[in-house]
2 protein chains.
Amino acid sequence: MNFCSNCGARVERCVPPGDSLPRFVCAVCGTIHYENPKIVVGCIPEWEDGILLCRRAIEPRHGLWTVPAGFMENGETTAQGAQRETLEEANARVEIVGLYALFNIPHINQVYMLFRARLLDLDFHAGAETLEARLFAESEIPWDTIAFATVRRTLQHYFSDRRTGEFHFHMGTIEPMAKSKAEG
Amino acid sequence: MNFCSNCGARVERCVPPGDSLPRFVCAVCGTIHYENPKIVVGCIPEWEDGILLCRRAIEPRHGLWTVPAGFMENGETTAQGAQRETLEEANARVEIVGLYALFNIPHINQVYMLFRARLLDLDFHAGAETLEARLFAESEIPWDTIAFATVRRTLQHYFSDRRTGEFHFHMGTIEPMAKSKAEG
């Protein structure tokens, strides 16, 4: 950030009075420009014993597999965002079952929220940001080419829970260099 | 948003190629300025049969009661944010028990995440943005002067769950004009 989005003057980096962290502040109009983590919403679309994965047509991780997920937009709920991303990436309609996993990724200022969801029909196909969308049984999951640590860990929990017959909410933190830990 | 925070030129509102929503876009340097929901993190600090509430010294809702909560910062986890807010608003140290409630507030682009937490000692006192911090038994909760719908609904769930002896994760959506519904 170089300029004030309100008045166009140059911003400075300083700790505002009464605050404890440095912010971008406009010396001309006084606006404080806070920066906050972004939410990534997505889901695990289920159909019988399979789940829907998408192969990414965009960077980062072009060509690797993920569940449908993307940045939550203003004006929607977390569940609506997960449904919208599933429609955009796989042209697939889902019913949300419930929140399944929440991962903090503090070094890139993201919070992932992944839901369990039921595919409503098999009339799906790759969207513009997807090379390929298909159902995978557990034995077919491409573990070596999963795009993101959040997705790999969520799928590990998912199949482990499924074997026990009971799904639990999972929460954790992804740290740089694959160091990671459970939390809360 | 009037100016590009990257190059200082005026921004325009338009739907970028390949996108489906209007964004603020800089015609000079091409930066697309996405706007996304913010996360509010907080907790219900428990001590024996009481919980800690704070009376707000700032707007909005000056003088009304809330649980410690505030905007999540970059570089922290949701649980760390809840602990930090509790320290800032009530000078209170807590151990996080688990995520208890998630509320979407799509009309103001916020997602609330409130944890259950254990107060570690009774050496708390009002922080700079708090008029008063004190423990309340259920019979003492000031229901008529609770600051936010999210907090009121979370506390209703909390005491209802406590009576059954089992705490469950709750998720819902707060709509304008106190219209609201459960979800997911």
Filter result (outside any strand (DSSP E or B), in contact with a Cys (Cβ under 9 Å, 6 or more places away or on another chain) and either modelled with pLDDT under 95 or of a type outside the set (A, V, I, L, M, F, W, C) (or both)) within segment B:62-71: B:Pro68
In segment B:121-138, is there at least one residue being out of contact with any strand residue (DSSP E or B) (no Cβ under 7 Å at 6 or more places or on another chain) and among the aromatic types (Phe, Trp, Tyr)? no
Of (1) open to solvent by 30 Å² or more (accessible area, probe 1.4 Å); (2) within 14 Å of another protein chain (Cβ to nearest Cβ), A:Leu122 fails just (2)
Taking A:Asp49 and the conditions (1) within 9 Å of the chain's Cα centre (by Cα); (2) open to solvent by 60 Å² or more (accessible area, probe 1.4 Å), which numbered condition does it fall short on, given that it satisfies the others? (1)
With respect to A:Glu166, is the statement that it is within 26 Å of B:Arg116 (Cα to Cα), surrounded by fewer than 13 Cβ atoms within 10 Å (Cβ to Cβ) and at pLDDT 95 or above true? yes
Would you mind telling me which numbered condition in (1) in contact with a Leu (Cβ under 8 Å, 6 or more places away or on another chain); (2) assigned to a loop (DSSP other than H, G, I, E, B); (3) open to solvent by 50 Å² or more (accessible area, probe 1.4 Å) A:Glu95 fails? (2)
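Output the number of residues of segment A:16-28 satisfying the condition of being more than 7 Å from every other protein chain (Cβ to nearest Cβ) and either touching a residue at least 60 places away in the same chain (Cβ under 8 Å) or small (Gly, Ala, Ser) (or both).
Applying the first criterion (more than 7 Å from every other protein chain (Cβ to nearest Cβ)) to segment A:16-28 yields A:16-17, A:19-20, A:22-28.
If we keep only those that are either touching a residue at least 60 places away in the same chain (Cβ under 8 Å) or small (Gly, Ala, Ser) (or both) as well, we get A:20, A:27.
Count: 2.
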Here is a list: A:Phe159, A:Phe167, A:Phe136. Which entry is within 14 Å of A:Thr66 (Cβ to Cβ), out of contact with any His (no Cβ under 7 Å at 6 or more places or on another chain), more than 10 Å from every other protein chain (Cβ to nearest Cβ) and not basic (Lys, Arg)? A:Phe136
Could you list all residues from segment B:8-26 that are open to solvent by less than 80 Å² (accessible area, probe 1.4 Å) and under 17 Å from A:Cys7 (Cα atoms)? B:Gly8, B:Ala9, B:Val11, B:Phe24, B:Val25, B:Cys26
Selected residue [at pLDDT below 95 and open to solvent by less than 40 Å² (accessible area, probe 1.4 Å)] from A:Glu175, A:Glu85, A:Glu183: A:Glu183
Restricting attention to segment B:39-52, and to residues there that are of a type in the set (D, E, K, R) and in contact with a Lys or Arg (Cβ under 9 Å, 6 or more places away or on another chain), which single residue is nearest to the other protein chains (Cβ to nearest Cβ)? B:Glu46
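A quick yes/no check of all residues on (1) farther than 24 Å from A:Arg61 by Cα; (2) of a type in the set (S, T, N, Q):
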| position | (1), (2) |
| --- | --- |
| A:Leu114 | no, no |
| A:Leu119 | yes, no |
| A:Asp123 | yes, no |
| A:Glu132 | no, no |
| A:Pro142 | no, no |
| A:Gln156 | no, yes |
| A:Gly165 | yes, no |
If B:Arg13 meets every condition in (1) at the interface with another protein chain (Cβ under 8 Å from one of its Cβ atoms); (2) free of Cβ contacts under 8 Å to residues at least 24 places away in the same chain apart from one, which number is that one? (1)
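With A:Glu59, A:Glu35 as the choices, which residue is under 30 Å from A:Ala92 (Cβ atoms) and either part of a loop (DSSP other than H, G, I, E, B) or not charged (D, E, K, R) (or both)?
Working: A:Glu35 fails: under 30 Å from A:Ala92 (Cβ atoms).
One residue alone meets the criteria, A:Glu59.
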Given (1) facing chain B (nearest Cβ under 9 Å); (2) farther than 24 Å from B:Ile108 by Cα, index of the condition A:Gly63 fails: (1)
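Restricting attention to segment A:56-68, which residues are open to solvent by 10 Å² or more (accessible area, probe 1.4 Å) and more than 16 Å from A:Ala137 (Cβ to Cβ)?
Step one: of segment A:56-68, the residues open to solvent by 10 Å² or more (accessible area, probe 1.4 Å) are A:56-65.
Result: A:Arg56, A:Ala57, A:Ile58, A:Glu59, A:Pro60, A:Arg61, A:His62, A:Gly63, A:Leu64.
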Run A:Tyr100 past the list (1) at the interface with another protein chain (Cβ under 9 Å from one of its Cβ atoms); (2) surrounded by 19 or more Cβ atoms within 10 Å (Cβ to Cβ) and report the number of the one that doesn't hold. (1)
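The rows are residues; the columns are (1) within 8 Å of chain A (Cβ to nearest Cβ); (2) open to solvent by less than 20 Å² (accessible area, probe 1.4 Å); (3) not in a strand (DSSP E or B).
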{"residue": "B:Asn6", "(1), (2), (3)": "yes, no, yes"}
{"residue": "B:Gly30", "(1), (2), (3)": "no, no, yes"}
{"residue": "B:Cys54", "(1), (2), (3)": "no, yes, no"}
{"residue": "B:Glu73", "(1), (2), (3)": "yes, no, yes"}
{"residue": "B:Gly81", "(1), (2), (3)": "no, yes, yes"}
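The values are calculated or read from the model by the stated rules, or taken from the named source; none is laboratory data. Owing to the predicted nature of the structure, the values given are computational and were not obtained by experimental measurement. All Cβ positions, glycine included, derive from the backbone under ideal geometry; neighbour counts span all protein chains shown. We work out accessible area using only protein heavy atoms, side chains counted, and drop any ligands, DNA or RNA first. Shrake-Rupley method; radii C 1.70, N 1.55, O 1.52, S 1.80 Å.
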